[in-house]
Amino acid sequence: MTDSLGYRMKFGVIAPSTNTSVQPEFDDMRPVGVTNHFSRIIIPDNPVHSDEDFNNLVMGIRAATMDAIDAVKTCSPGAMIMGMSAETFWDGKERADKLQAEIVKRAGMPVAMGSDACMNALKCFGDIKKIAVITPYMPIGDQQVERYFTDCGFEVVQVKGLKCASPMLIAHETEKTLRDAIIEVNDPSVEAIVQAGTNLAMARVGGIAEFWLDKPVIAINTATYWHALRMNGIEDKIQGYGSLLSHH
């Protein structure tokens, strides 16, 4: 017998306790017969005013991640999604690959991770080399994202970090702010725009911007959920969040 609601897939999702964007965005993209089951990485909503504060935030997430994985495993999901992103970019691709292996080992199931999802999403759009990036991070976080994509062979033309004042306040950034950030980083040399930071609610805005700019605008929540679906053989096309989910 299978789960009555998640009869195609039960996803276990881990996300910081301060994050209020990734759960509703993932649920909005959920096909029939697929369910999302969240486990929280418990962290305080401490102020973030410097690189040191941001580094402490990432280290706090790192320390509490395995407990969140253990908790969600008790509902017997078929696969896991990491609904947090800064840690998945930290220290470049080699460290990201090592982190994914550690999570897979602890979870005992396939794991979709934001950094890897964005890289795979970019491959859907041809031979893209030059990208721009939007984040909610302090400069130290921006540098980690840039390093990851550089390790993957991309040229990061520019990065716009919003320097959000706490992990919870990331979700308070408006669609207008995100629209303006997209406009700011876009120029004719940029072949695609990627957004990191799962608490930035950019899935809908990214889809709209992609239509007007006529180039890929990849929101990390869209990319991560798309990657989780596809790597588990779920090929449903979802409208409203850009061409990644609707065409790939």
How large is the accessible surface of S39 in square angstrom, using a 1.4 angstrom probe and rounding to the nearest 10? 10 Å²
Cross-link pairs beyond the 25 Å C-alpha cut-off, checked among K93/K163; K10/K93; K123/K215; K93/K176: K10/K93; K93/K176
Quantify how much of the Cα-Cα distance distribution of segment 107-243 extends past 27 Å, in percent. 15 percent
Given a cut-off of under 8 Å on Cα pairs at least six residues apart, what relative contact order in percent is computed for segment 116-221? 32 percent
Considering only S189, S85, S50, give the residue with the highest GNM mean-square fluctuation for the chain, with springs between Cα atoms whenever their separation is below 10 Å. S189
Ignoring everything but the protein chains, give the 1.4 Å probe accessible area of V157 in square angstrom, nearest 10. 50 Å²
Answer label, with percent of Cα pairs over 33 Å apart calculated from the coordinates and candidates (i) 14; (ii) 11; (iii) 19: (ii)
With a Förster distance of 41 angstrom and the Cβ-Cβ distance between S166 and D214, calculated FRET efficiency to the nearest 0.05 equals 0.70
With Cβ to Cβ distances under 11 Å as the rule, what net charge do the other residues near K160 carry (K, R +1; D, E -1)? -2
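Size of the dipole of segment 5-158 about the Cα centre, Lys and Arg at +1 and Asp and Glu at -1 on the beta carbon, nothing else charged, in debye to 20?
On the way: 15 positive and 20 negative charges, 140 e Å.
That gives a dipole near 680 debye.
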How charged is the neighbourhood of N36? Take every other residue with its Cβ under 11 Å from the Cβ of N36, and add Lys/Arg as +1 and Asp/Glu as -1. -1
Can you compute 3J(HN,Hα) from phi for each residue in segment 46-62, using the Karplus curve 6.51 cos²θ - 1.76 cosθ + 1.60 with θ = phi - 60°, rounded to whole Hz and x for Gly and Pro? 6, x, 10, 10, 7, 4, 4, 4, 5, 4, 5, 4, 5, 5, x, 5, 4
Protein accessible area in the chain, 1.4 Å probe - carbon and sulfur %: 53 percent
Kindly list the residues of segment 163-197 that lie in the label zone of D53, defined by a backbone N under 16 Å from the point 7 Å along the Cα-to-C-beta vector. 163-173
Is the C-alpha gyration tensor of segment 3-42 telling us rounded, prolate or oblate? Criteria: a/c under 1.5 is rounded; beyond that, a/b larger than b/c is prolate, otherwise oblate. oblate
Identify which of P188, P47, P216 has the largest mean-square fluctuation in a Gaussian network model of the chain, with springs joining Cα atoms closer than 10 Å. P188
Solvent exposure of the chain as accessible area per residue, Å², 1.4 Å probe: 42 Å²
DSSP-assigned coil residues among GluC sites (Glu not before Pro) in segment 142-239, each with at most 11 further Cβ atoms within 10 Å: E235
Amide proton proximity set for K130, modelled H, under 5 Å, gap of 5+: E155, E191
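Compare R8, R95 by solvent-accessible area with a 1.4 Å probe and give them largest first, with all protein chains kept in place.
Of R8, R95, the descending order of accessible area is R8, R95.
The values are calculated or read from the model by the stated rules, or taken from the named source; none is laboratory data. Since this is a predicted model, take the numbers as computed values, not measurements. With ideal geometry, Cβ positions are generated from the backbone for all residues, glycine too; neighbour counts draw on all protein chains shown. Ligands, DNA and RNA are stripped out before the accessible areas are found, and what is left, the full protein with its side chains, is counted by its heavy atoms. Shrake-Rupley method; radii C 1.70, N 1.55, O 1.52, S 1.80 Å.
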